[in-house]
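Reading through the structure tokens given below for one structure.
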């Protein structure tokens with residue numbers, strides 16, 4: 001499954017629908033500003049995320065852009081409110097519409113931890 005970078009409402013709804021894969025992943029990233037994500041930690045994990053999720057034989061993952069830095073810093077940011085995301089990058093594992101695990105920041109770069117998270 002490709003890494004989906006445009007989480008249109010129907011794609012987000014597919015995480016919980018009857019055709020949802022048993023396991024999906026949500027990747028929370030900063031917005032892109034001047035050609036790159038404004039969050040340096042997001043840039044640090046970008047290649048690992050691509051290698052892990054981008055391809056037909058890879059798990060389904062959807063990128064959730066948390067917004068520009070000013071929006072991210074507000075307590076009412078949608079990622080904070082809807083998903084309890086307090087740091088980026090964050091990856092959530094979604095099983096049958098429910099979060100079952102998460103990796104935050106440098107945990108994503110820990111190869112053993114990432115492999116265990118994907119099982």
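The values are calculated or read from the model by the stated rules, or taken from the named source; none is laboratory data. Not measured: the values here are computed from a predicted model. In this analysis, Cβ positions are derived from the backbone assuming ideal geometry, glycine residues included, and neighbour counts consider all displayed protein chains.
Laid out as a table, the results:
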{"quantity": "Members of the range 38-65 that are in contact with a helix residue (DSSP H, G or I) (Cβ under 7 Å, 6 or more places away or on another chain), more than 14 Å from residue 109 (Cα to Cα) and modelled with pLDDT of 95 or more", "calculated": "38"}
{"quantity": "Residue selected from the range 90-119 under the condition free of Cβ contacts under 8 Å to residues at least 60 places away in the same chain and in contact with a helix residue (DSSP H, G or I) (Cβ under 7 Å, 6 or more places away or on another chain), by the criterion farthest from residue 40 (Cα to Cα)", "calculated": "101"}
{"quantity": "Residues located in the range 90-107, provided they are touching a strand residue (DSSP E or B) at 6+ places or on another chain (Cβ under 6 Å) and closer than 20 Å to residue 32 by Cα", "calculated": "90, 91, 104"}
